[in-house]
1. Over all distinct alpha-carbon pairs, what is the Kirkwood Rh of region 32-103 in angstrom?
2. If the chain between residue 74 and residue 27 were fully stretched, how many nm would it gain, using 0.36 nm times the residue separation less the Cα-Cα distance?
3. With an 8 Å Cα cut-off and a minimum separation of 6 or more residues, compute the relative contact order for region 32-103 in percent.
């Protein structure tokens, strides 16, 4: 058997293993009830963020997935990263918070257009 044939066999075996692992790792599709529960949790987190007067959360979006909440969007001050995570983590049912917020580079100058 030639060297190139052996390499092709190993490559084919590697591809088969990777495809098998990927197929097993994929989660089953969510039920309507699970999707609704995630939506409700995301809405509760956003309501909690909006209720905090010290945090300007207009540009923060919460995404929920089985108790894990991911925050996306941007904030004006670096202290808002921790504040948003703290608020979201205290919502009932939240098991973990992934903070993917970005800092707005223009900062907060309290101008009407920045808020």
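1. The Cα-based Kirkwood calculation yields 11.8 Å.
2. 13.9 nm
3. Here the relative contact order equals 32 percent.
Read-outs: derived from the displayed coordinates by stated rules, not from any lab. Since we're looking at a predicted model, the values are computed, not measured.
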